[in-house]
Amino acid sequence: MSALVQLRREGNVGVIVVDNPPVNALKNAVRAGLVDALAQARNDASIEAVVLICAGRTFIAGADISEFGKPTQKPTTIDVIEAIEAMPKPVIAAMHGTPLGGGLEVALGCHYRIAAPGSKLGLPEIKLGLIPGAGGTQRLPRLVGVEKALAMILTGSQIEASEARDVGLIDGIAEGDLTVAGVAYARRVIAERRPLPRARDRDEKLEPVRSDRAKFDAMAANYLKRGKGLHAPEAAVEALHWALDLPIQEALQRERDKFLELVADDQSKAQRHIFFAEREAAKAKGLASVQASEIKRAAVIGAGTMGGGIAMAFANAGIPVALVETSPDALKRGLGIIEKNYGATVARGGLTSEEMGRRIALITGGIALAAVAEADVIVEAVFEEMDIKTRVFGELDRLAKPGALLATNTSYLDVDMIARATQRPDAVLGMHFFSPANVMRLVEIVRGQATGPQALATAIALGRKMGKVPAVVGVCHGFVGNRMLRVRTVESERLLLEGALPSDVDGAMTEFGFPMGPFAMHDLAGLDVSWRMRKAQRTTAEIADQLCALGRFGQKTGRGFYLYEAGSRTPKPDTEVEKLVVATSQRLGIARRPIEAKEIVERLLFPMINEGARILEEGIAARPGDIDVIWVYGFGFPIWRGGPMYYADTVGLAYIRDRLKTFVGQTNNFVHQPAPLLARLAQERRGFASLAVGKA
C-alpha cells in the first residue's frame, strides 16, 4: 500500500483511509494504494465489509489535474472502480466535505454510499472543458435519473447531502463521527445479508426517458444553448445518450475515449489554464504567515446599483450589512431594488422565499455614516469623483472602529490618494466589484502603496467568503480590467468611423465567443455613466457623446447604440444611429470601407493584449494569468479561449506584433506601437506563459 492509503481493521470491518492533503486528490500513488488496500481486504477472511473514508477536510475531491495531458499511469481511476465492483464483500463509501469528480465516481462504484450532513457532491468536469471519464455519465443517471444527471453533469453544480439522499445518489446521512457511522452501517449490511448492488447494473431510472426521447432532447437543448461554442456540453449529452442506447461496457469505453479526446482539446487546455490561474490570482507576496481578520459585520456606503449589489453579496455570504445613503428616499429606493432583485431570483426558482427573507433581514438601512461604527469592513460605493470619495474616507477614518478594513469600490481612481485622506492608510485598499455585484464573480483587490498585509489578506479572504474570484492588482488608472477595456472602447469607436456599424462589431465579438459585443454592453451599463466620466477627464468619444446628447443612454431609456422595445433587453439595429455614424465619418473626412469580422476582432483584442503587456511590465498585474482571470470573470472573455494573454500565445506574439505595427500605419495611433515586453517575447519566440511570477 501507499503511505497515502492505509487499511485498518475495526473488528470484522476493514477501514480504508485516504490521507493525501489538502483535498485527497486521486493521484497515481493514491490510486495504487487503493487497489492494494482493496486486494488486501479481499484476501483477509476476517474482513466481511469495507468502508472507504478520507482523512482531513474532505472525501476525495477529484483527480490530480496536473496529470491531465500526460501519459496514462496505471492503475487508473477506472481500475480502482473495477476493483471495488469486483469485491465479493460490500464496500461502503463514507463521505464528507466535497466528494467531487473522480472522487464521486469512485463512490459511484461502491455498493453503498453515506455522507455527513452538509457534504456537497458533484461532477464539475464540464467547468474544465471535460466530461466525467471514469463512469460518471453512465452510473450517475442510473442512480438519480437522467434529468438530475443532466443538470449535475452539464452545469457541474454540487448538491447537498440531503438532496443526494432524496434523489438516490446516497443511501443515508451519517450523523456523528463518520468512521463510527460508516462501520455501523457496514455491520448492518452484513447482519441483514444485503446484496451487493452495482450502479452499472441498474436500469429502472433510465426507462422513463428511453420511452420519451423528445423529453430528453428538450432538456438537453436547454443546456446546449447555454454552452454555445463549447465542445464538452455536446460530448456530455452524447455520453448520456450512450447510457440509454448501448450496453454498459461499450458506453463506459466510449465515455473514456471521449474524455481523453477532450483532455487533448484546446478548449479544455484553456479552461484548465483558468482553473490554475484563478488560484494564483489571489496570491501576493508577503502574506504567507498573515492571518486574515474575521469579518462579522459589514457596511456599504451608497445604495445605488453597485452599492445595493455589494450589500446583496454580503447578505448572500451570511454577513450582516448596513447600507448607508444620504437621504431617506435614496435609501428606500435602494432597498426596494434589492427586494425586487431577490424576488426575481425567487420567481426563477433560484432561491426559496424563506431564504430571500433571511437574506433581506441581514441588510439594514441608515442615513447617517455613524451606522458604520460596528462594521469590520466598510465598502464605499459613491459617485466616481475623487472629492466625494476623499471626503467620505475622511469621515470613515473618524467613525470606523480600530482595525476595520476600509475599501473603495472605485473603478478607476487613485487608491493611494483616497488612502491619504485617512490617518490609517494601511487599512485602505480597493475592492472593485463588477456589475451586477451580487452576480459577477470577479473582485479586483487593489493594493495601494501603504496597504498593510493584514488588510490585504483580509480582503482576499473576504472575497472568497463572498463567493468571488479575488485578483490582486496594483494602482493605476483603471487598474487592469478597465484600463484594457478603455483601449477596446476607443478602438470600437474608431471602427465605427472607418466603416463598421454597431451590429458588425458586436456580431464579430459574439461570434468570437463574448456573451455580448461592446456596444450592447455599453447600452446595458448605461452610456451616461461613461459620458460623465469622460467629461470629468476632459476626453471625448465622437459617436457615444452624440448619442448621450440626444438622451440615448441605453437600455434604461430604450435607446442607445440600439433600440429596445418596451420590456425587452434585446438590441435592435437603429437606422437613426447608422445615419449618425455615417454622417460623423463624413464630417471628419474619414473614407468608410467594408471591415471584415477577422479585422474587427484583431483591432479590438490585439491593442488590449498590448496594454496587458504594459501592465505586466509595470507590475500592476503579477502574472499573465491574473489578467486572464480578470477578463474571463469580469468581462465575459470566452473561458474556452483562456483569457486575452493565453489567447495571445495561441495566436503567436510575432503575428500580433506585426499586426499592431500595421494598425499604427492605419490609425496613426501610438497606443498600437508594440509594448517592449511583447516585442521582446516575440523576438525571442516566447509567449506570455514563459514569464516568471511578477511582483504585484
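The values are calculated or read from the model by the stated rules, or taken from the named source; none is laboratory data. As the structure is a prediction and not an experimental result, all values here were calculated from the model. So basically every Cβ, Gly included, is an ideal-geometry build from the backbone, and we count neighbours across all protein chains shown.
Things worth noting here:
- Scan of the range 580-600 for residues that are without any contact (Cβ under 8 Å) to a residue 24 or more places away in the chain and closer than 23 Å to Arg559 by Cβ, ordered by number: Val582, Ala583, Gln586, Arg587
- Looking only at the range 448-459, residues that are within 18 Å of Gly619 (Cβ to Cβ) and either touching a Pro at 6+ places or on another chain (Cβ under 7 Å) or buried (at least 23 other Cβ atoms within 10 Å of the Cβ) (or both) come to 4 in all.
Listed here are the residues, each with its yes/no results for (1) touching a residue at least 12 places away in the same chain (Cβ under 8 Å); (2) β-branched (Val, Ile, Thr); (3) in contact with a Gly (Cβ under 7 Å, 6 or more places away or on another chain); (4) within 21 Å of Ala239 (Cα to Cα).
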position	(1), (2), (3), (4)
Leu150	yes, no, no, yes
Gly156	yes, no, yes, yes
Glu163	no, no, no, no
Asp166	no, no, no, no
Asp171	yes, no, no, no
Leu178	yes, no, no, no
Ala181	yes, no, no, no
Arg194	yes, no, no, no
Arg198	yes, no, no, yes
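- Odd one out for Thr58 among (1) more than 19 Å from Ala3 (Cα to Cα); (2) touching a residue at least 24 places away in the same chain (Cβ under 8 Å): (1)
- Long-range neighbours under 9 Å by Cβ, at least six apart or interchain, first residue part of a loop (DSSP other than H, G, I, E, B) within the range 259-277, second at pLDDT below 95: Ala264/Gly69
- Any hit, the range 429-449, residues being over 23 Å from the mean Cα position of the chain (by Cα) and more than 21 Å from Ala375 (Cα to Cα): yes
- Glu444 being crowded, with 20+ Cβ neighbours inside 10 Å, touching a His at 6+ places or on another chain (Cβ under 6 Å) and touching a residue at least 24 places away in the same chain (Cβ under 8 Å): yes
- Applying a threshold of 6 Å to beta carbon distances and a minimum spacing of six or more residues, or different chains, the list of pairs starting in the range 102-114 at a residue that is in contact (Cβ under 8 Å) with a residue 24 or more places away in the chain and ending at one that is among the aromatic types (Phe, Trp, Tyr) reads Gly103/Phe59; Ile114/Tyr185.
- Options Ala236, Ala221; residue that is surrounded by 19 or more Cβ atoms within 10 Å (Cβ to Cβ), of a type in the set (Gly, Ala, Ser) and either in a helix (DSSP H, G or I) or modelled with pLDDT of 95 or more (or both): Ala236
- Subset tally (residues that are in contact with a helix residue (DSSP H, G or I) (Cβ under 8 Å, 6 or more places away or on another chain) and either surrounded by fewer than 20 Cβ atoms within 10 Å (Cβ to Cβ) or assigned to a helix (DSSP H, G or I) (or both)) for the range 292-304: 3
- The requirement of being over 15 Å from Leu140 (Cβ atoms) and touching a Pro at 6+ places or on another chain (Cβ under 9 Å) is fulfilled nowhere in the range 197-214; no residue meets it.
- Search result, residues across the range 389-404 that are of a type in the set (Gly, Ala, Ser) and part of a loop (DSSP other than H, G, I, E, B): Ala400, Gly403, Ala404
- Positions within the range 533-554 being surrounded by 19 or more Cβ atoms within 10 Å (Cβ to Cβ), in contact (Cβ under 8 Å) with a residue 24 or more places away in the chain and not in a loop (DSSP other than H, G, I, E, B), in sequence order: Ile543, Ala544, Leu547, Gly554
- Residue in the range 243-254 that is part of a loop (DSSP other than H, G, I, E, B) and over 30 Å from Phe433 (Cβ atoms) present: yes
- Considering the conditions (1) of a type in the set (A, V, I, L, M); (2) assigned to a helix (DSSP H, G or I); (3) modelled with pLDDT of 95 or more, Val671 is excluded by exactly one of them, (3).
- Any hit, the range 564-586, residues being among the basic types (Lys, Arg), under 30 Å from Asp387 (Cβ atoms) and surrounded by fewer than 20 Cβ atoms within 10 Å (Cβ to Cβ): no
- Some residue of the range 33-53 being under 29 Å from the mean Cα position of the chain (by Cα) and touching a residue at least 24 places away in the same chain (Cβ under 8 Å): no
- Of the set (1) in contact with a helix residue (DSSP H, G or I) (Cβ under 6 Å, 6 or more places away or on another chain); (2) of a type in the set (A, V, I, L, M); (3) crowded, with 24+ Cβ neighbours inside 10 Å; (4) in a helix (DSSP H, G or I), all apply to Ala134 but (4).
- Selection from the range 106-131 of residues that are assigned to a loop (DSSP other than H, G, I, E, B) and not hydroxyl-bearing (Ser, Thr, Tyr): Cys110, His111, Ala116, Pro117, Gly118, Leu123, Gly129, Leu130, Ile131
- Of the criteria (1) part of a loop (DSSP other than H, G, I, E, B); (2) at pLDDT below 95; (3) under 20 Å from Arg297 (Cβ atoms); (4) not hydroxyl-bearing (Ser, Thr, Tyr), which one Phe383 fails: (3)
- Members of the range 624-668 that are outside any helix (DSSP H, G or I), free of Cβ contacts under 8 Å to residues at least 40 places away in the same chain and over 18 Å from Ala689 (Cα atoms): Asn668
- Any hit, the range 344-361, residues being in contact with a Phe, Trp or Tyr (Cβ under 7 Å, 6 or more places away or on another chain), farther than 23 Å from Gly463 by Cα and either loosely packed, with under 14 Cβ neighbours inside 10 Å or in the same structural domain as Gly302 (by TED's automatic domain parsing) (or both): no
- Remark: Ala134 falls outside the filter, which requires a residue to be farther than 17 Å from Ala251 by Cβ, touching a residue at least 40 places away in the same chain (Cβ under 8 Å) and over 23 Å from the mean Cα position of the chain (by Cα).
Table: residues versus (1) modelled with pLDDT of 95 or more; (2) surrounded by fewer than 17 Cβ atoms within 10 Å (Cβ to Cβ); (3) outside the structural domain of Ile445 (by TED's automatic domain parsing).
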{"position": "Glu250", "(1), (2), (3)": "yes, yes, yes"}
{"position": "Asp257", "(1), (2), (3)": "yes, yes, yes"}
{"position": "Gln271", "(1), (2), (3)": "yes, no, yes"}
{"position": "Ala284", "(1), (2), (3)": "no, no, yes"}
{"position": "Ala288", "(1), (2), (3)": "no, yes, yes"}
{"position": "Ala317", "(1), (2), (3)": "yes, no, no"}
{"position": "Thr326", "(1), (2), (3)": "no, yes, no"}
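- The residues in the range 513-532 that are at pLDDT 90 or above and assigned to a helix (DSSP H, G or I) can be counted, and the count is 10.
- The range 94-105: number of residues that are surrounded by 24 or more Cβ atoms within 10 Å (Cβ to Cβ) and either in a helix (DSSP H, G or I) or in contact with a Pro (Cβ under 8 Å, 6 or more places away or on another chain) (or both): 5
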